[in-house]
Amino acid sequence: SLSEKLQNVFKNLRGKGRLSEADVTTALKEVKMALLEADVNFKVVKNFIKTVQERAVGQDVMSSLTPGQMVIKIVNEEMVNLMGSETTEIAFKAGNDITVILMCGLQGAGKTTTTAKLAGKFKSKGKKPLLVACDIYRPAAIEQLKINGDKQGVPVFSMGDKHKPVNIAKAAIEHAVKNNHNVVILDTAGRLHIDEDMMNELIEIKENIEVFQTILVVDAMTGQDAVNVSEMFNNKIGIDGVIITKLDGDTRGGAALSIRAVTGKPILYAGMGEKLTDLEQFYPDRMASRILGMGDILTLIDKAQAEIDEDKAKELEKKFKKSEFDFNDFLDSMQQIRKMGGIGDILKMMPGMGGGQLKDVDIDENALSGVEAIIFSMTKAERGNPDILNTSRKKRIAQGAGVDISEVNKLVKQFEQMKKSMKQFSGLMGGKGGKKGRF
Ligand code: GDP
Ligand code: MG
């Protein structure tokens, strides 16, 4: 297997310290093969290897990794970057305005199935979707959508096969307005290959209807072809995102990497089976390890990384614990934190802090300078004990810092919250941490 091959390459890689050009070249040869085997587009592979090569040569090898692992770590990070690094959600119109979603793609890609899958997801989010049968060419298509809509408990709008898709769509939106639907999903017809009629039909819909999201559905098993299809659809009608189906098969899914690289559009979901619940959020990091086909090595690298982060976290913990942490300490540590590279980055490095909890803390880096100005306007006593701040003092401070008094109030509140969070961090940092989900 590729994993074994790479392990062998690693064995031959020598020396710690810096990654030599030879180290990198040897490892990347295997990576290149792996990517091509996984159906990643040739041009994408070429650019990708070049990027990694440039980044890797001369890099320090982390003390707990072998040079080969270090290369793979960089490869993995760059792959995640290429795929957008974060999960992207389907966008909805604000308020209760109707969000019209146009589903497009080749025949058999999974449009109709995915339309029904999405309807279920939206419904569970409290939306009120309406599915629209715009495929008038395959006799069974309308029936298929109705059956699937039924299963999801979501109504399906159809006008048979005697009307133009654009007119069906228009009528459907009127129906949606009358019946208080706030999401309309148009299930359109595909063709076996890219074809002018299909494109024109989609263009006509987009010219006459306010489509909010155009989602392309592609079949992961078609490999390279999926990439060409994505490029064509994006150029001709413009797409907002892609859903890759049939990732439950044994395809490695290199198409995911290529599609993102070639179109610049995010992958939104992954189809993982024929059942209507088989639609998963798309996670670039998981996809990267799937494409590389070496989740085991990546897990190992993760662990090594976590150990190093833990050392850094301990250092920080001491700093937090030593201070009573009032606004004076806050000012002092701000400088230090800046030197160490941003408060968000530091918190992320802490084991267990990468995910949810961070969001609640809500520290906006840009706001920090404004925060400093406010603290500077306080007296030393006030910085030590913000409780003594009364309204007239807060007003003066706001004036001094050139901000609204609400900003001062917000800061004092946030500071209390942060203190609470610090306590939690200290507790958490005491334990072992750093697990990340992988296939
Ligand atoms: P459409 O022509 O684009 O509307 O494609 P369909 O929705 O009719 O799907 C074509 C076939 O692919 C059907 O047999 C689906 O059950 C199947 N299919 C769709 N999505 C997936 C998926 O994620 N995994 C698997 N294994 N099959 C899928
Ligand atoms: Mg269909």
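Every number here is computed from the coordinates shown, using simple stated rules; none is lab data. Values in this document were obtained by computation on a predicted structure and should not be read as measured data. Heads up, the Cβs are rebuilt from the backbone with ideal geometry, glycines too, and the neighbour counts pull from every protein chain shown.
State yes or no: is Gln144 touching a residue at least 12 places away in the same chain (Cβ under 8 Å), farther than 23 Å from Ala256 by Cα, near ligand 1 (Cβ under 10 Å from one of its atoms) and among the polar types (S, T, N, Q)? Full working, then the answer.
Numbers: touching a residue at least 12 places away in the same chain (Cβ under 8 Å): yes; farther than 23 Å from Ala256 by Cα: yes; near ligand 1 (Cβ under 10 Å from one of its atoms): yes; among the polar types (S, T, N, Q): yes.
In short, yes.
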Test: residue in region 101-109 that is away from ligand 1 (no atom under 16 Å from the Cβ) and in contact with a Phe, Trp or Tyr (Cβ under 7 Å, 6 or more places away or on another chain): no
Residues located in region 105-139, provided they are over 13 Å from Asp187 (Cβ atoms) and part of a helix (DSSP H, G or I): Gly120, Lys121, Phe122, Lys123, Ser124, Pro139
Of all residues in region 134-174 being in contact with a helix residue (DSSP H, G or I) (Cβ under 9 Å, 6 or more places away or on another chain), closer than 14 Å to Asn208 by Cα and charged (D, E, K, R), the one that is farthest from ligand 2 (Cβ to nearest atom): Lys170
Filtered residues of region 145-167 (kept if within 24 Å of Lys125 (Cα to Cα) and either in a helix (DSSP H, G or I) or of a type outside the set (Phe, Trp, Tyr) (or both)): Leu145, Lys146, Ile147, Asn148, Gly149, Asp150, Lys151, Gln152, Gly153, Val154, Pro155, Val156
Test: His193 is assigned to a loop (DSSP other than H, G, I, E, B) and either among the small types (Gly, Ala, Ser) or more than 25 Å from the chain's Cα centre (by Cα) (or both): yes
Long-range neighbours under 7 Å by Cβ, at least six apart or interchain, first residue farther than 15 Å from Phe376 by Cβ within region 392-413, second small (Gly, Ala, Ser) and in a helix (DSSP H, G or I): Asp404/Ala398; Ile405/Ala398
Where Ala94 falls short, out of the listed (1) out of contact with any strand residue (DSSP E or B) (no Cβ under 8 Å at 6 or more places or on another chain); (2) under 30 Å from Lys151 (Cα atoms); (3) buried (at least 23 other Cβ atoms within 10 Å of the Cβ): (3)
Number of positions in region 199-244 that are within 16 Å of ligand 1 (Cβ to nearest atom) and among the aromatic types (Phe, Trp, Tyr): 1
Index of the failed condition, Met62 passing every other in (1) closer than 27 Å to Asp197 by Cβ; (2) part of a loop (DSSP other than H, G, I, E, B): (1)
Looking only at region 224-260, and only at residues there that are surrounded by fewer than 19 Cβ atoms within 10 Å (Cβ to Cβ) and not polar (S, T, N, Q), the one that is nearest to Asp278 (Cα to Cα): Asp248
